[in-house]
């Protein structure tokens, strides 16, 4: 009896360990996720409305960024903040992801990358932008939606 209980516990442990989440590689999903992110950046550079820029953002989207000390919850609040920032006159001239990696877990995809870009202030001065970035997408209703992002600042190298 004791032996069968121990054997049963070992079998359950083996089953549980075998279900550890492991990212799959899916070139099609990787291309889709990167294209969604680049489309958002292109919409921003082209001066499209904020609504057009965040078309892939879920209503319950959350974000951490260096501008605020708290998590920003919800698409509506994020859009409101993006619109206010847009009125400052700063615009994106270019943006690119370096070292992108997409990890796929079923209907969830995590994109991590280093962001490099150039912004221009309303007086014409340009400034480089850099961030360590993570975006989490979930596939709902057959469509990938951005559900969370974390944009961490990068301190520029000191000469």
To one decimal place, what Kirkwood hydrodynamic radius in Å is obtained for the chain from all pairs of distinct Cα atoms? 18.0
Report the paramagnetic label zone for residue 76: residues of segment 33-67 whose backbone N is under 15 Å from a point 7 Å from Cα along the Cα-to-Cβ axis. 58-62
Need one number: nm distance between label points at residue 158 and residue 134, each 7 Å from Cα along Cα→Cβ, rounded to one decimal. 2.7
On a 0 to 90° scale, report how tilted helix 75-86 is relative to the longest principal axis of the chain, with both axes built from alpha carbons and the result rounded to the nearest 10. 30
Helix 2-18 against the longest principal axis of the chain: what's the angle in degrees, Cα atoms only, rounded to the nearest 10? 20
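Taking neighbour counts of Cβ atoms within 10 Å as a proxy for exposure, in what order, fewest first, do 105, 61, 113 appear?
105, 113, 61
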Modelling each spin label as a point 7 Å along the Cα-to-Cβ direction, I'd like the residue 59/residue 86 distance in nm, to one decimal. 2.1
For the chain, take the longest principal axis of its alpha carbons; what is the angle in degrees between that and the long axis of helix 27-45, to the nearest 10 within 0 to 90? 20
Mean residue ellipticity (222 nm) of the chain, computed from DSSP H runs ≥ 4 via -39,500 (n - 2.57), nearest 500: -10500 deg cm²/dmol
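Laboratory data are not the source of any read-out in this text; all were calculated from the coordinates shown. These figures come from a predicted structure and were not determined experimentally. Every residue, glycine among them, receives a Cβ derived from its backbone with ideal geometry; neighbour counts consider all protein chains shown.
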